[in-house]
1. Considering only segment A:155-191, how many residues are over 30 Å from A:Leu4 (Cα atoms) and not aromatic (Phe, Trp, Tyr)?
2. With respect to A:Ile172, is the statement that it is among the β-branched types (Val, Ile, Thr), within 16 Å of A:Val31 (Cα to Cα), within 20 Å of the chain's Cα centre (by Cα) and part of a helix (DSSP H, G or I) true?
3. Can you name the residue in segment A:3-34 that is of a type in the set (Phe, Trp, Tyr) and assigned to a helix (DSSP H, G or I) and, of all such residues, is most open to solvent (accessible area, probe 1.4 Å)?
4. Of the residues that make up segment A:95-112, is at least one assigned to a helix (DSSP H, G or I), more than 8 Å from chain B (Cβ to nearest Cβ), over 20 Å from A:Gly30 (Cβ atoms) and of a type outside the set (A, V, I, L, M)?
5. Applying the selection to segment A:156-185, what residues are under 30 Å from A:Ala52 (Cα atoms) and not hydrophobic (A, V, I, L, M, F, W, C)?
6. Is it the case that segment A:119-141 has a residue that's more than 20 Å from the chain's Cα centre (by Cα) and either in a helix (DSSP H, G or I) or surrounded by 21 or more Cβ atoms within 10 Å (Cβ to Cβ) (or both)?
7. Quick check on this structure: which one of A:Thr76, A:Thr88, A:Thr56 is at pLDDT below 90, part of a helix (DSSP H, G or I) and either out of contact with any Ser or Thr (no Cβ under 6 Å at 6 or more places or on another chain) or among the hydrophobic types (A, V, I, L, M, F, W, C) (or both)?
Amino acid sequence: MAELFGLLFTSLIVNNVVLTQFLGMCPFMGVSKKRSSALGMGIAVIFVIVVAAFVTYALYYLVLVPLHLEFMDLITFILVIASLVQLTEMFIKKTSPALYKSLGVYLPLITTNCVVLNVCLVNIQNGYDIGHMIMYSIGTPLGFALVLFIFSTIREKLEISDVPEFFKGNAIALICAAIMSMAFSAFAGVI
Amino acid sequence: MRIIAGVLFISALIGIYIWAYIKNHKTPVPEGCENIKADCDGCKLVSCQLHPDHE
């Protein structure tokens, strides 16, 4: 049990997918100008990654392994993730217009988000059992959403701060991201 | 036999994706959501459909 929570904490904070592994940088830089968009994107990513991880894990061990088609994991996962995003968007359109208004527009962004594919592939490559898979698949998107939200609050402050002209925009944002990465690396000694 | 199974499996997945894509685009957007856009700042990838300059 302690090991499972250790994995959750590690994937959430210590080996944060954005600040340590440098994945998901596109939405991290592109959708972090406002807290509301960051929150919407974060929730959408959490949902898609958790569902995609479960589906791809099941497909790998129930279909690919018995048929000795393990080498097709990459193409399979990509197709599954793309289909899941389409189905999720369709489901949200039909069932909850309010939810679609807040986060439906971010779903196409998630299709090409490398964090989703990373979680699916790591679950297989590290040989995780179901318990470890669940913890990793929940911790990683939570870490992504957490960092995205924190970064959005920083960027909102930067917008009204007195930043030198040549540092405005992405330049100062990247410097802040680097400092955040260094701050998060300090968690490595916790576990 | 393994190759055939693999080809059939991938074909099935591609078929599912195409079906989901078509169904999604046929599903009407809820009222009030016709003109919403992702609040994306836009990087240098102008070819991305979400880039503000992509039109």
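1. 20
2. No.
3. Start the filter on segment A:3-34 by keeping residues that are of a type in the set (Phe, Trp, Tyr), which leaves A:5, A:9, A:22, A:28.
Remaining after also requiring assigned to a helix (DSSP H, G or I): A:5, A:9, A:28.
Working: A:Phe5: 104, A:Phe9: 68, A:Phe28: 1 Å².
In this case the residue turns out to be A:Phe5.
4. First, pick out the residues of segment A:95-112 that are assigned to a helix (DSSP H, G or I): A:95, A:97-111.
Now restrict to residues that are more than 8 Å from chain B (Cβ to nearest Cβ): A:95, A:98-99, A:102-103, A:107, A:110-111.
Remaining after also requiring over 20 Å from A:Gly30 (Cβ atoms): A:95, A:98-99.
Cutting the leftovers down to of a type outside the set (A, V, I, L, M) gives us A:95.
For segment A:95-112, residues assigned to a helix (DSSP H, G or I), more than 8 Å from chain B (Cβ to nearest Cβ), over 20 Å from A:Gly30 (Cβ atoms) and of a type outside the set (A, V, I, L, M): present.
5. Passing the criteria: A:Ser181, A:Ser185.
6. Scanning segment A:119-141, I find no residue that is more than 20 Å from the chain's Cα centre (by Cα) and either in a helix (DSSP H, G or I) or surrounded by 21 or more Cβ atoms within 10 Å (Cβ to Cβ) (or both), so the answer is no.
7. Just one listed residue meets the conditions, A:Thr88.
The values are calculated or read from the model by the stated rules, or taken from the named source; none is laboratory data. Keep in mind that this is a model prediction, so the values were computed, not measured. Note that we place each Cβ from the backbone using ideal geometry, even for glycine, and neighbour counts take in every protein chain shown. These accessible areas exclude ligands, DNA and RNA; they are computed on the full protein's heavy atoms, side chains included. Shrake-Rupley method; radii C 1.70, N 1.55, O 1.52, S 1.80 Å.
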